[in-house]
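Take a look at the structure set out below.
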């Protein structure tokens, strides 16, 4: 009874598997013989930099600490109820009265080019966005009362 090519392929696969197992065992034995490598010893200041002493830290807390230098997080607002005549510049001017505007756009119709009645304004900071919602929601722009909310993803 002859063995087909399947028998030869299986023997070759098993031989390859056994060879890999031997190689792995040799590498493991070699690593064990060498032992651990040189361990680099570092100080805390090398890792985290120079830290203030406990007394310095307590004095800093008593003084009120340092001013936090966190970057402001921008907030995108939805503005609805716009009249068809409102342009991006008009909307930007209304919101710049409250604070810094990063981005502003009035959505327009592709065919006619006039306003679709809503737009988006990105304020530089979340606090400014809250202030804009409080001050501008319900305000009239170009004869229509606008609605201002935090924009949500679709």
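The values are calculated or read from the model by the stated rules, or taken from the named source; none is laboratory data. These figures come from a predicted structure and were not determined experimentally. All Cβ positions, glycine included, derive from the backbone under ideal geometry; neighbour counts span all protein chains shown.
If you filter region 135-146 down to residues that are in contact (Cβ under 8 Å) with a residue 40 or more places away in the chain and over 17 Å from residue 122 (Cβ atoms), you find that the one that is farthest from the chain's Cα centre (by Cα) is 143.
You will find that of 61, 73, the residue that is loosely packed, with under 15 Cβ neighbours inside 10 Å, at pLDDT below 90 and closer than 25 Å to residue 153 by Cβ is 73 and no other. Working only within region 130-149, note down all residues that are assigned to a strand (DSSP E or B) and farther than 16 Å from residue 89 by Cβ. Listed by number, the residues that qualify are 140, 144, 145, 147, 148, 149. Does residue 98 meet the test of being at pLDDT below 90 and part of a loop (DSSP other than H, G, I, E, B)? No; evaluated as a whole, the condition is false for this residue.
Taking the criterion of being out of contact with any strand residue (DSSP E or B) (no Cβ under 8 Å at 6 or more places or on another chain) and part of a helix (DSSP H, G or I), the only residue of region 112-129 that qualifies is 127. Which residues, taken from region 108-124, are loosely packed, with under 11 Cβ neighbours inside 10 Å and touching a helix residue (DSSP H, G or I) at 6+ places or on another chain (Cβ under 6 Å)? Hits for region 108-124: nothing passes.
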